[in-house]
1. Can you work out ³J(HN,Hα) from phi for every residue in segment B:20-32, in order, using Karplus 6.51 cos²θ - 1.76 cosθ + 1.60 and θ = phi - 60°, giving whole Hz and x for Gly and Pro?
2. Could you pull out every residue, at least 5 positions away or on a different chain, whose amide H is within less than 5 Å of the one on B:Val35? Hs are placed 1.01 Å off N in the peptide plane, and Pro or chain starts have none.
3. Are there any trypsin sites (Lys or Arg not before Pro) in segment A:57-106 that are in a DSSP loop and have at most 15 other Cβ atoms within 10 Å? List them by number.
4. For an R0 of 30 angstrom, estimate the FRET efficiency from the Cβ-Cβ distance between B:Asp245 and B:Glu72 and round to the nearest 0.05.
5. Scan around A:Ala62 for amide H atoms under 5 Å from its own, H built in the peptide plane at 1.01 Å from N, and keep only partners 5 or more places away or cross-chain.
6. Which order, highest average first, do B:153-163, B:96-106 follow once you tally other Cβ atoms within 10 Å for each residue and take the mean per peptide?
7. Which FRET efficiency, nearest 0.05, do A:Gln287 and A:Asp58 yield, Cβ-Cβ r, R0 45 Å?
8. Under the 0.36 nm per residue contour assumption, what length would be gained going from the current alpha-carbon distance of A:Gln14 and A:Leu124 to full extension?
Amino acid sequence: MMTKFLSRNRHTVQRLGFSVITLVAVFTVLPIIGTVIYILVKGGSAISWEFLSGFPHDGMRAGGILPAIIGTLYLTLGTAVFSVPLGIAAAIYLSEYARDNQVTRLIRLAIINLAGIPSVVYGLFGLGLFVLFLQFGTSILAASLTLSIMTLPVIISTSEEALRAVPQSFRTVSISLGATRWQTISRIILKEALPGILTGVILGLERAAGETAPILFTGAAFFLPRLPHSAFDATMALPYHLFVISTQVPEMPIQIQYGTALVLLVFVLTMNVIATVIRSRARARRQW
Amino acid sequence: MVDKIIIENLSLQYSDGTESLRGVSMEIRQNAVTVLFGPAGGGKSTLLRCLNRLNDLTEVKASSGRILIDGENILDPKTDVIALRRKVGMVFARPVTLPMSIRENIIYGLELMGEKRKSKLDEAVERSLKLSAIWDEIKDRLDEPAIALSGGQQQRVCLARVLALQPEIVLLDEPTSGLDPISTGKVEAALLELKKEYTVILVPHSVQQAARTADHAAFFLTGELIEYGDGKTLFTNPKQKKTEDYVMGRFG
């Protein structure tokens, strides 16, 4: 009798707990879905070929956002050029070569702290180092470098994790067959870790694409009548453009603001989806 | 019989204080199966990993002594470890095939050496797979992922991968520990075939396997070489009390 009662009670508790957890999970997803739907509804009507391929005019109150889209593309690519090789190299060093000593611990501490620095501080740092000291001016180059520094910790730590996830036995076997450490890394470890590394790279770049503060003083232009010609030109960019038309331009048509937000959101979400696809495909193909 | 390897007063201690060797001296004969056996933690694997300097990957606190292979001390810091590892191949307890096709697994070591000629590589694949007694089973699926094979097949591919490099010495660290009896039988049969061409050093996964395969046998206990001698004699008529107790199954 007693045990029967207890067991039924236990089931009730389990069901209750399960419902609570499900409810909480649903609530965490709601804001994301809500945001996407809201922006879609508010900004969807602004999206047209002209909006995507035209220059802004009438003090940005009409026309398109092409220079901002292209600018964000340039900045993302520029960030990738610097942060990807550097980040992967650092991850390889930390995962495959570094011994656990004082220096390594210092490097790790620096990376962790780098990840915690507010993005506006990166902006100021970039202004001081790249714009003024190295005299790159407010330019795509300076902004890309600033964004790179911000992105590095993400790329390093996800890449290192991906490298470490490759079974140790592959390394031992490879070395025992007469491979050098570098041959082992280049022929086996990197190939196996690549999907994980790519995921990290895309997530890092995605963050860079959406940031305003780091490019605020280093490369973003309020308005440019033409596309940038070189890496030493300033550029318009989606997040900064959104900030500008939301706060700096009076009587701004609201659907242009939301349209811009929608484009930025799609840009970032697309990168996210690519990362997810790479990861799930690699997982299905993985031989360990 | 020629002594292929001479180990002189070898001692080793890992940084974390685990399994170590204490003053081990022994000669290992060419073209024979030498079995290193004893309870876990006796130093057998450590000794194997000294012979191809795989211990370089592990944190070693202190080591002393000499290992002469063909008269050269391989523990000398100036030793070309890459060349050494090609000469002294190793098969591990768990079959670890690399994440690539069977064929690519076999030619991995050769490609590292820069061998690109297809005829040479094909020849090596066939020869080593035949020696490992698996050619007939898998010759039609060489381009499939090696991971798709059964454990026993994978282990023989691992052996073939070592043999493809035409080593002189083959180290086997409990190569059949994860295999079923039939696969074990096949691997053991391959071993007996191997000693015609190679010097084979085996850490067996049981005393029975040691007795079945040993030309020479060495009994290790807590890092010390307790008894070393002819396989037949050692298992039927051991001189040391400790060896007898272990062989008879009184401890283990």
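Read-outs throughout are calculated quantities, based only on the coordinates presented, and are distinct from any laboratory measurement. Fair warning: this is a prediction, and the values are worked out from it, not measured in the lab. As a convention, Cβ positions derive from the backbone with ideal geometry for all residues, glycine included, and neighbour counts pool all protein chains shown.
1. Ordered by residue, 3J(HN,Hα) equals 9, 10, 10, x, 8, 10, 6, 10, 10, 7, 6, 6, 8 Hz.
2. For B:Val35, whose amide H was placed from the backbone, the distant partners under 5 Å are B:Leu202, B:Asp215, B:His216, B:Ala217, B:Ala218.
3. Listed in order of number, the matching sites are A:Arg61, A:Arg99.
4. It comes out at approximately 0.20.
5. A:His57
6. B:153-163, B:96-106
7. Computed FRET efficiency for A:Gln287 and A:Asp58 comes out at 0.15.
8. Taking 0.36 nm per residue and subtracting the Cα distance, the gain is 34.4 nm.
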